[in-house]
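Inspection log for the structure reproduced underneath, given as structure tokens.
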Amino acid sequence: MTPPRPGPPLWLLAEITYRCPLHCVFCYNPVDYAARPDELSTADWLRVLREGRALGAVQCGFSGGEPLLREDLEELVAEAHRLGYYTNLLTSGVGLTPERAAALKAAGLDHVQLSFQDSTRESNDFLSHTRTFDLKRRVAETIRANGWPMVMNVVLHRLNIAHVDRIIEMAHELGAEYVELANTQYYSWAFVNRAQLLPTREQLRRAEAVTDAWRAKLGDSMRLFFVAPDYHEGRAKKCVNGWGSMFLTVTPEGLALPCHTARMLPGLAFPNVREMSLASAWYESEGFNRYRGTAWMKEPCASCEHQAEDLGGCRCQAWLIAQDAEAADPVCRKSPHHERVLAAVAQAEAGVVEQPLVFRGPAESRRLAG
Ligand code: SF4
Ligand code: SF4
């Protein structure tokens, strides 16, 4: 039976550069990013924006790396705004001076998401290996002064999860309206540092209880999203809301991907927007079609009653943990590889971690790419 034609993407995620002044230990950029210095030109990105809108995308996120390192960001935002996208900037804050904020506002930017690494200068600056905590607090004021909704994102892990109370308090002081407390997803640099970053069950339970208490206290004045981790749950998640169903990511050098880490999967060809239109990439390319729907599944997913709920989980996680991109996501307790996830959680519970943290940076990237 021919599978039904997929609908259009809702989100276009423009990863406009992998360059970044920060060195986060959980960075989601590819570990070998330093070997990929090539970036699409302004003209290429303007075409990608037009093609994405014609395809049906209504939200456009500018991310990186640090997207503010591209000097054409204002021009790209202006075009995205003119095309009718709802535009988002996902930033560390570095480079968001009052002057650039005013220019981005004038270009029509709708939304800024500011990331913090923790609630204290010492920890924020340690985890990003930069002195950026004070700058981020000033940027939060700039965001509010420009009338953008104040949206904060903090990636949670073993080294900061005990500070959730103070993190939420800080967000409240800064006037945040939305706070995403996103437990680390273990891909890319976070996978390299997994033994140091994976929290214990008790740490997670406490962090969730603290978040619930703040929700009860603040009501609707600040919305708190606690994004649960999958390693501890025994259940897979519908990754990117379904492969090739909602998100279309374009990498700095122009690869069109169903999610920002999918390039790691072996034997899967993803098109470059320099050579193929976004519409052809979305509807016709092997990369987008391979894991759409459920027909690709093998056991235990193939006969599982949950297959429509989670679509077998994350392909990148299956590859990273089981070295089999078609396997059930190993976080699922029905997966034949689930004991590898249990072993990682057991190691976190034991607290035995002897290797040093690896901070994202070009020298480490070249070393790990080997
Ligand atoms: S996670 Fe950190 S290092 Fe990676 S792109 Fe974001 S701010 Fe830069
Ligand atoms: S076996 Fe596959 S489809 Fe079933 S719950 Fe696990 S990951 Fe989901």
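The numbers here are math on the coordinates, done by the rules we state, and not lab data. This is a predicted model, so every value here is computed, not measured. All Cβ positions, even for glycine, are placed from backbone atoms using ideal geometry, and neighbour counts span all protein chains on display.
At full extension, Met276 and Thr200 could sit 22.9 nm farther apart than now, given 0.36 nm per residue minus the alpha carbon distance.
What's log10 of I(q)/I(0) for the chain at q = 0.07, 0.08, 0.14, 0.15 Å⁻¹, Debye sum over Cα points only, no solvent? Normalising to I(0) and taking log10 leaves -0.30, -0.40, -1.34, -1.53. In this simple spin-label approximation, Ser41 and Glu75 carry label points 7 Å from Cα along the Cα→Cβ vector, and these lie 1.0 nm apart.
Segment Lys217..Asp324, full-extension length gain: 34.0 nm, with 0.36 nm per residue of separation and the alpha-carbon distance subtracted. Here, the range 225-370 yields an orientationally averaged convex hull projection of 10.8 nm² when only Cα atoms define the hull. If you take all other residues with their beta carbon under 10 Å from the beta carbon of Lys237, and give Lys and Arg +1 and Asp and Glu -1, the sum is -3.
Percent of Cα-Cα pairs more than 20 Å apart in the range 18-75, please. Of all Cα-Cα pairs in the range 18-75, 35 percent lie more than 20 Å apart.
Among Glu208, Glu286, Glu354, the largest mean-square fluctuation in a Gaussian network model of the chain, built with springs joining Cα atoms closer than 10 Å, belongs to Glu354.
Report summary: the helix-based calculation at 222 nm, which adds -39500 (n - 2.57) for every DSSP H run with n ≥ 4 and divides by the residues of the chain, gives -10500 deg cm²/dmol.
Where does the Debye-calculated log10 I(q)/I(0) of the range 204-263 sit at q = 0.28 Å⁻¹, using only Cα point scatterers of equal weight, no solvent? Treating every Cα as an identical point scatterer, log10 I(q)/I(0) equals -1.08. Radius of gyration over Kirkwood radius for the range 128-282, both on Cα atoms: the Rg/Rh ratio is 1.02.
Hydrodynamic radius of the range 59-201 by the Kirkwood approach over all distinct alpha-carbon pairs: 15.8 Å. Across the range 115-185, the relative contact order, built from alpha-carbon pairs under 8 Å that are at least six residues apart, equals 35 percent. In the chain, Cα pairs under 8 Å separated by at least six residues give a relative contact order of 20 percent. Over 22 Å between Cα atoms, which of Lys298/Lys334; Lys217/Lys237; Lys105/Lys136 qualify? Lys217/Lys237, as the Cα separations exceed 22 Å there.
Measuring nothing but how far apart in sequence close Cα pairs (under 8 Å, 6+ apart) lie, relative to its length, the range 180-296 scores a relative contact order of 20 percent.
For the range 157-217, the Kirkwood radius over C-alpha pairs fed into Stokes-Einstein at 25 °C and 0.890 mPa s yields D = 196 µm² per second. Taking 4.7 Å between C-beta atoms as the pairing limit, the chain has these partnerless cysteines: Cys20, Cys60, Cys259, Cys301, Cys304, Cys316, Cys332. Relative to the current alpha-carbon distance between Lys334 and Asn241, full extension at 0.36 nm per residue lengthens the span by 31.4 nm. In terms of Cα atoms, the Rg and Dmax of the range 302-370 work out to 15.6, 46 Å. If you plug the beta carbon distance of Thr97 and Asp125 into 1/(1 + (r/R0)^6) with R0 = 22 Å, you get a FRET efficiency near 0.65.
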